[in-house]
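A short write-up of the structure that comes next.
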Amino acid sequence: MTEYEELDATFKKMLMDTMRDRAPFWSLLGMELTDARKGWATVRLPFAEKLLQPLGVAHGGAIFSAADSAVAMALLGLVERDEVITTVEMKINYLMPFSGGEITAEAVIVHKGSRTALGDVTVRNGQGAMIAKAVATYMIIRNDKAPRW
């Protein structure tokens, strides 16, 4: 990923530590931020029984969560510290079931304006097969009380 600029080392460490240690939803699912740059990120989700739906494969919501989270992490490197981001809309196509191993959601920000951003996500299994494709729109909100990463 040489085409995406590295994050400031201090910010990247803080982001990685925060998502590992202080993100309850991520912990619940077992998600891990594996890398992030300005406009690009990857999130890993290992398969676990807690992700199952009644037919024995991971619930689509778990895959969706990894994809959505990857877009957020890619976008955080592009917004100002006094801006917060939130998902406005996301569309996902599921191509294969997730029933073992792990998946990786790789997101790129394809457009960032002053108020919205568009992220493109490819979700692959451990063998590299594409299991889902998603597009997400995020809102960027200036907030003087935003958390300072």
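The values are calculated or read from the model by the stated rules, or taken from the named source; none is laboratory data. Because the structure is a prediction, the values reported are computed rather than measured. Note that each Cβ is placed from the backbone with ideal geometry, even for glycine, and that neighbours are counted across all protein chains shown. To get the accessible areas, we keep the full protein, side chains included, count just its heavy atoms, and leave off ligands, DNA and RNA. Shrake-Rupley method; radii C 1.70, N 1.55, O 1.52, S 1.80 Å.
Descriptive notes on the structure:
- Single residue of the range 1-29 satisfying the filter (part of a loop (DSSP other than H, G, I, E, B) and modelled with pLDDT of 95 or more) that is surrounded by the most Cβ atoms within 10 Å (Cβ to Cβ): Leu7
- Candidate set: the range 113-129, residues that are within 16 Å of the chain's Cα centre (by Cα) and open to solvent by 40 Å² or more (accessible area, probe 1.4 Å); chosen: the one nearest to Lys50 (Cα to Cα): Arg124
- Cβ-Cβ distances below 9 Å connect the following pairs, each with a first residue in the range 10-25 that is free of Cβ contacts under 8 Å to residues at least 40 places away in the same chain, a second residue that is part of a helix (DSSP H, G or I) and not aromatic (Phe, Trp, Tyr), and a separation of six or more residues or different chains: Arg20/Ser27; Asp21/Ser27; Ala23/Ser69.
- The set of residues in the range 84-138 being in a strand (DSSP E or B), closer than 18 Å to Met73 by Cα and among the hydroxyl-bearing types (Ser, Thr, Tyr) consists of Thr86, Thr87, Thr104, Thr116, Thr122, Thr137, Tyr138.
- Entry remark, the range 67-108: residues being at pLDDT 95 or above and of a type in the set (Lys, Arg) number 1 in total.
- Residue count for the range 30-71, restricted to those that are in a helix (DSSP H, G or I) and surrounded by 17 or more Cβ atoms within 10 Å (Cβ to Cβ): 11
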